[in-house]
Amino acid sequence: MPTPPPTGPLVTRDTVAAHLLSLGVQPGETLLVHSSLSSLGWVNGGPVAVVQGLLDALGPDGTLVVPTQSGDLSDPALWSNPPVPEEWWSTIRATMPAYDPRVTPSRGVGVIPETVRNWPGALRSAHPETSFAALGPRAAAITEGHAPDCRLGERSPLARLEADGARILLLGAGYGTCTSFHLAEYRVPSPVVEVGRPSPTGWETVREVSITSDLFAELGSDFERDRPVVRGKVGAAGARLFPVADAVAYAERWLALHRPRDQYVDAAPGAPGTRRRP
């Protein structure tokens, strides 16, 4: 049976750049991008063309930032998608490769961030589960100093993006992917959990603020209702553009009012499992 032709639209590097500029992306700005390649249409050149288009729109003075999380570097006892047999847990902990920003692949964030991670000149932050990669003049300032016990808080690239006046681009992605909402979790009362992961010296456990994106779609809907969000299209993908600082400030107020604390789900974004706290 013949394969049906692609439905399109046909998207090129120039299409991506032109649509981003029409949306309101500014040359020279710093842009945190959450993305879905498949939402764009038929992209000639795939993720490489998308990254080229993003860089074209930002220009030589702009900085592109993406999440390059590796949540699978976590305790197998917490994995649920899929789970692994309990008799494997000790071996997995003993043999899991430690995080290496040069070679550890991203997980659960799509092929566009993985393409940025491998791009010549890209820098990547040091957190073993929730790293970010960046290209451009502000890349070092954004990615340096990502503390090992601060996934997405004050000592992560998110706080630097907020301070820099960066904006978020949701490119075919929903508010459930918006990592900046997590920064607000560090600024409202939140449980602290123990997080296990591999390290160069063996298995380690650190204490961390518990994070979850369980209500982010609802949070994002309210944010878009109440705050200015630029909406448009890039190829076939719905796109949203808004400041990091606006998202974080709104999320601080919203989470304090809407998130019950008697039950809490903790999971590093991209992890193969979740942790439920009674």
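Answer with yes or no whether A141 is surrounded by 24 or more Cβ atoms within 10 Å (Cβ to Cβ) and not in a loop (DSSP other than H, G, I, E, B).
No, not satisfied.
Considering only region 17-29, I want to know if a residue exists there that is at negative phi and touching a Phe, Trp or Tyr at 6+ places or on another chain (Cβ under 9 Å). Break it down stepwise before answering.
Filtering region 17-29 for residues at negative phi gives 17-23, 25-27, 29.
So of that shortlist, the ones also touching a Phe, Trp or Tyr at 6+ places or on another chain (Cβ under 9 Å) come out as none.
No, because not a single residue in region 17-29 is at negative phi and touching a Phe, Trp or Tyr at 6+ places or on another chain (Cβ under 9 Å).
Looking at G202, G165, G145, G172 in this structure, which one is at positive phi and at pLDDT below 95? Steps first, please.
Working: G165 fails: at pLDDT below 95; G145 fails: at pLDDT below 95; G172 fails: at pLDDT below 95.
After ruling out the rest, the residue left standing is G202.
Could you check how many residues of region 83-133 are farther than 25 Å from V48 by Cβ and over 18 Å from the mean Cα position of the chain (by Cα)?
16
Would you mind finding the one in R259, R227, R240 that is modelled with pLDDT under 95 and either more than 28 Å from P101 (Cα to Cα) or in contact with a strand residue (DSSP E or B) (Cβ under 7 Å, 6 or more places away or on another chain) (or both)? Don't jump to the end; show me each part of the working.
Numbers: R227 fails: modelled with pLDDT under 95; R240 fails: modelled with pLDDT under 95.
From the options R259, R227, R240, the qualifying one is R259.
Show me the helices (runs of 4 or more DSSP H) found entirely inside region 147-258 where at least 2 residues are open to solvent by 10 Å² or more (accessible area, probe 1.4 Å), touching a residue at least 24 places away in the same chain (Cβ under 8 Å) and aliphatic (A, V, I, L, M).
On the way: elements: 157-163, 180-185, 216-226, 244-258.
Hits in region 147-258: 244-258.
Exactly one condition in (1) exposed (fewer than 15 other Cβ atoms within 10 Å of the Cβ); (2) modelled with pLDDT of 95 or more is false for R124; which is it?
Condition not satisfied by R124: (1).
The rows are residues; the columns are (1) aliphatic (A, V, I, L, M); (2) over 18 Å from the mean Cα position of the chain (by Cα); (3) modelled with pLDDT under 95.
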{"site": "V16", "(1), (2), (3)": "yes, yes, no"}
{"site": "G24", "(1), (2), (3)": "no, yes, no"}
{"site": "L31", "(1), (2), (3)": "yes, no, no"}
{"site": "S38", "(1), (2), (3)": "no, no, no"}
{"site": "A49", "(1), (2), (3)": "yes, yes, no"}
{"site": "L54", "(1), (2), (3)": "yes, no, no"}
{"site": "A57", "(1), (2), (3)": "yes, yes, no"}
{"site": "P60", "(1), (2), (3)": "no, yes, no"}
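Among the residues of region 109-119, are any open to solvent by less than 20 Å² (accessible area, probe 1.4 Å) and over 19 Å from R151 (Cβ atoms)? Break it down into steps so the answer makes sense when it comes.
Taking region 109-119 first, the residues open to solvent by less than 20 Å² (accessible area, probe 1.4 Å) are 112-113, 116.
Subset that is over 19 Å from R151 (Cβ atoms): 112, 116.
Within region 109-119, one or more residues are open to solvent by less than 20 Å² (accessible area, probe 1.4 Å) and over 19 Å from R151 (Cβ atoms).
The values are calculated or read from the model by the stated rules, or taken from the named source; none is laboratory data. Not measured: the values here are computed from a predicted model. When we count neighbours, we look across all protein chains shown, and the Cβ atoms used for this are built from the backbone with ideal geometry, even at glycine. Heads up: the accessible areas ignore ligands, DNA and RNA and are worked out on the full protein's heavy atoms, side chains in. Shrake-Rupley method; radii C 1.70, N 1.55, O 1.52, S 1.80 Å.
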